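Colleague: The structure that follows is given in the form of structure tokens.
The values are calculated or read from the model by the stated rules, or taken from the named source; none is laboratory data. Predicted model, so just to flag it, every value in this text is computed and none were measured. Virtual Cβ from ideal backbone geometry, glycine too; neighbours counted across all protein chains shown. Note: areas computed on protein heavy atoms with side chains; ligands, DNA, RNA excluded. Shrake-Rupley method; radii C 1.70, N 1.55, O 1.52, S 1.80 Å.
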Amino acid sequence: MNIIKATDYNDMSRKAANIISAQVILKPNSVLGLATGSSPLGLYSELVKRYKQGDLDFSQVKSVNLDEYMGLTHDNPQSYYYFMNENLFGHINIVPENTHVPDGTAANAEQACAEYEKVIQSLGGIDLQLLGLGNNGHIGFNEPGTAFEQHTHCVELTESTIQANSRFFEKLEDVPTKACTMGIKSIMMAKKILIIVNGKGKADIVHKAFFGPVTPQVPASILQMHPDVTLVADEEALSLCNL
Ligand code: GLP
């Protein structure tokens with residue numbers, strides 16, 4: 001694993017943007033796997049800035065998002081579909097038809113997940129998958145205990161994830177309890193993985209995930225087995241790692 005130490009959140013965002021920029025410049029028709037949450041916000045605004053400066057062209061890029069809440073419509077500001085348009089897609093020249101987010105409103109959720117996996121395959125797989133890290137070690141919405149062999153599937157969110165994500169909602173009761181997520185297997189099939197982590201609050205889980213045993217109890221620990229992973233983390237997140 002390649003570990004890049006950043007001084008703070010802004011530095012992490014710029015360093016991660018360098019990696020995505022290089023990917024898009026070297027392979028203009030890249031398939032990017034994208035993530036939501038607070039971790040990638042700075043990175044996305046950096047990509048928007050570089051696009052506006054004329055340094056990046058997303059016209060041939062295709063994207064697949066990691067996950068989506070079940071039950072939130074596209075116009076719900078808490079849906080990941082809305083998040084992506086608001087923070088990235090709406091500000092760059094990516095073709096809307098080339099962007100994919102799991103459908104959280106499908107009547108048959110299992111079928112929608114299976115179809116999403118086929119979409120990933122039909123695009124030829126993911127060139128670069130961006131990930132954030134959940135407080136409990138989840139990636140996407142693959143909670144502790146998820147089998148490493150899973151493809152895109154529906155999940156029940158754990159209490160700790162519901163609590164952690166409630167900061168984006170008005171009331172705790174508004175946080176959906178189910179989601180559709182790429183599985184660990186779908187993530188591990190990406191050619192390259194970029195994971196970004198910041199803040200003291202994640203120091204313990206960063207240490208467990210990247211320097212502890214590989215176990216389904218810490219889903220991100222499987223990334224130790226991927227041949228091309230880059231972790232970009234700030235000093236606080238890396239403070240318990242002996243680097
Ligand atoms: C959410 C998302 C993940 C994200 C993680 C961390 O539950 N499903 O994809 O990486 O939590 O979020 P944050 O970056 O806000 O800490």
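Colleague: Restricted to segment 87-111, and to residues that are open to solvent by 50 Å² or more (accessible area, probe 1.4 Å) and of a type in the set (Gly, Ala, Ser), which residue is nearest to Gln60 (Cα to Cα)?
Modeller: Among those residues, the one meeting the criterion is Gly90.
Colleague: Let me ask another. Which of the residues spanning segment 191-205 are outside any helix (DSSP H, G or I), open to solvent by 10 Å² or more (accessible area, probe 1.4 Å) and within 12 Å of the ligand (Cβ to nearest atom)?
Modeller: Asn198, Gly199
Colleague: Against the definition (crowded, with 19+ Cβ neighbours inside 10 Å and either of a type in the set (D, E, K, R) or in contact (Cβ under 8 Å) with a residue 60 or more places away in the chain (or both)), how does Ile184 come out, yes or no?
Modeller: So Ile184 does not fit the description; no.
Colleague: For segment 165-173, check the following and say yes or no: at least one residue is of a type in the set (Gly, Ala, Ser) and in contact (Cβ under 8 Å) with a residue 12 or more places away in the chain.
Modeller: no
Colleague: Need pairs with beta-carbon distance below 9 Å; first residue among the aliphatic types (A, V, I, L, M) and within segment 22-38, second surrounded by fewer than 13 Cβ atoms within 10 Å (Cβ to Cβ); sequence gap 6+ or separate chains.
Modeller: Ile25/Asp55; Val31/Gly124
Colleague: Let me ask you something else. Which number in (1) modelled with pLDDT under 95; (2) open to solvent by less than 60 Å² (accessible area, probe 1.4 Å) marks the one condition that His74 misses?
Modeller: (2)
Colleague: Which condition does Ile184 not pass, out of (1) among the aliphatic types (A, V, I, L, M); (2) modelled with pLDDT of 95 or more; (3) closer than 14 Å to Met1 by Cα, if it passes all the others?
Modeller: Of (1) among the aliphatic types (A, V, I, L, M); (2) modelled with pLDDT of 95 or more; (3) closer than 14 Å to Met1 by Cα, only one is false for Ile184: (3).
Colleague: Listed residues Asn142, Asn165, Asn135; which is open to solvent by 30 Å² or more (accessible area, probe 1.4 Å) and not hydrophobic (A, V, I, L, M, F, W, C)?
Modeller: Going through Asn142, Asn165, Asn135 in turn, the sole match is Asn135.
Colleague: So, one more: Being under 18 Å from Leu123 (Cα atoms), under 19 Å from the mean Cα position of the chain (by Cα) and open to solvent by 20 Å² or more (accessible area, probe 1.4 Å) narrows it down to one residue among Lys15, Lys62, Lys27; which is it?
Modeller: Lys62
Colleague: Of the residues that sit in segment 213-232 and are in contact with a Gly (Cβ under 9 Å, 6 or more places away or on another chain) and hydrophobic (A, V, I, L, M, F, W, C), which one is surrounded by the fewest Cβ atoms within 10 Å (Cβ to Cβ)?
Modeller: Checked segment 213-232; the qualifying residue surrounded by the fewest Cβ atoms within 10 Å (Cβ to Cβ) is Val218.
Colleague: May I pose another question? Being of a type in the set (S, T, N, Q) and either part of a helix (DSSP H, G or I) or in contact (Cβ under 8 Å) with a residue 60 or more places away in the chain (or both) is the filter here; which residues of segment 44-73 pass it?
Modeller: Selection gives Ser45 alone.
Colleague: Take Lys178 and decide whether it is surrounded by fewer than 17 Cβ atoms within 10 Å (Cβ to Cβ) and within 18 Å of the chain's Cα centre (by Cα).
Modeller: Yes: the conditions hold for Lys178.
Colleague: Still on this structure, please answer the following. Restricting to segment 210-243, what's the tally of residues that are in contact with a strand residue (DSSP E or B) (Cβ under 9 Å, 6 or more places away or on another chain), modelled with pLDDT of 95 or more and aliphatic (A, V, I, L, M)?
Modeller: Within segment 210-243, residues that are in contact with a strand residue (DSSP E or B) (Cβ under 9 Å, 6 or more places away or on another chain), modelled with pLDDT of 95 or more and aliphatic (A, V, I, L, M) number 9.
Colleague: With of a type in the set (S, T, N, Q), without any contact (Cβ under 8 Å) to a residue 24 or more places away in the chain and assigned to a loop (DSSP other than H, G, I, E, B) as the only criterion, which of Asn76, Asn93 stands out?
Modeller: Answer to the check: Asn76.
Colleague: Could you tell me whether segment 162-170 includes any residue that is within 19 Å of Ser38 (Cβ to Cβ), part of a loop (DSSP other than H, G, I, E, B) and more than 13 Å from the ligand (Cβ to nearest atom)?
Modeller: yes
Colleague: Return yes or no: is Glu170 in contact with an Asp or Glu (Cβ under 9 Å, 6 or more places away or on another chain) and among the acidic types (Asp, Glu)?
Modeller: Taking the combined requirement at face value, the residue does not satisfy it.
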